[in-house]
Amino acid sequence: MKVSKLIATVIMLLVFMSCGGTISKESPNKKGFETIEKELKNKFGDKAYYTDVTVTYNKSIGNIIGVTVAEAPESLKMGQWNNTQGKWQQNSEITIEVPLGFKPIDFMFQLNDAISLSKLGELVEVSIEKLKAQESIQNPALSLASIKFPKNGDVSKTEYLVMLEPENGGTTFTFRYQLKGDLIGMDY
């Protein structure tokens, strides 16, 4: 009886380890980006502040998540982190300077209802459909998706950036969206 419980536990553990836990394999859509956002909140906390969140897709290794984050903005310290193939690595530590009369959080954002990776994932889906319809490109692939926060801290000027390429490479199509999801423009 003990041996069968041990075998069952080992099998469940192996299944769990092989099935998930790596955000590098998440799909470039709303659901996949929601999972990435959950991972960011697990790693850095629900109250973390960001100046940059980028999801880059590489065909051979999957998603590469890059963030510049502060868990305690008042410390004036931020870390640049990357997640590649499910492993987090800090690339550098940054000390920020804030103009007199301002707080560090005036130039940072949190992932919440106003700014979310869920919305970014939704806009990736919309961009893929637009590219298929307007340019007749089948199977466009995500190259990069990013939250572009303005340097002056004006949250209303935050943009979502989506870059797509044809499946086999070539021209990069760049979509820029306002915070609420309205298209600003498409360039290629």
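The values are calculated or read from the model by the stated rules, or taken from the named source; none is laboratory data. Just so it is clear, the model here is predicted, and its values are computed rather than measured. Cβ sites come from the backbone with ideal geometry, for glycine too, and all protein chains shown count toward neighbours. SASA here: full protein model, heavy atoms, side chains in, ligands and nucleic acids out. Shrake-Rupley method; radii C 1.70, N 1.55, O 1.52, S 1.80 Å.
Here are some notes:
- Just one of (1) polar (S, T, N, Q); (2) at pLDDT below 95; (3) over 12 Å from the mean Cα position of the chain (by Cα); (4) open to solvent by less than 80 Å² (accessible area, probe 1.4 Å) fails for Ser18. It is (4).
- Subset tally (residues that are out of contact with any Phe, Trp or Tyr (no Cβ under 7 Å at 6 or more places or on another chain) and open to solvent by 50 Å² or more (accessible area, probe 1.4 Å)) for the stretch 95-106: 8
- Whether a residue is surrounded by fewer than 19 Cβ atoms within 10 Å (Cβ to Cβ) and either farther than 25 Å from Gly45 by Cβ or over 14 Å from the mean Cα position of the chain (by Cα) (or both) was assessed, and Lys148 does not pass this test.
- Apart from one condition, Gly169 fits all of (1) assigned to a loop (DSSP other than H, G, I, E, B); (2) open to solvent by less than 50 Å² (accessible area, probe 1.4 Å); (3) modelled with pLDDT of 90 or more; the exception is (3).
- Gly32 meets the conditions (1) free of Cβ contacts under 8 Å to residues at least 60 places away in the same chain; (2) within 18 Å of Glu122 (Cβ to Cβ) in every case but one. The failed one is (1).
- Selection of the stretch 44-63 for residues being over 20 Å from Lys119 (Cβ atoms) and out of contact with any helix residue (DSSP H, G or I) (no Cβ under 6 Å at 6 or more places or on another chain) yields Gly45, Asn58, Lys59, Ser60, Ile61.
- The residues on offer are Leu164, Leu111, Leu123, and the sole one that is surrounded by 15 or more Cβ atoms within 10 Å (Cβ to Cβ), of a type in the set (A, V, I, L, M, F, W, C) and assigned to a loop (DSSP other than H, G, I, E, B) is Leu111.
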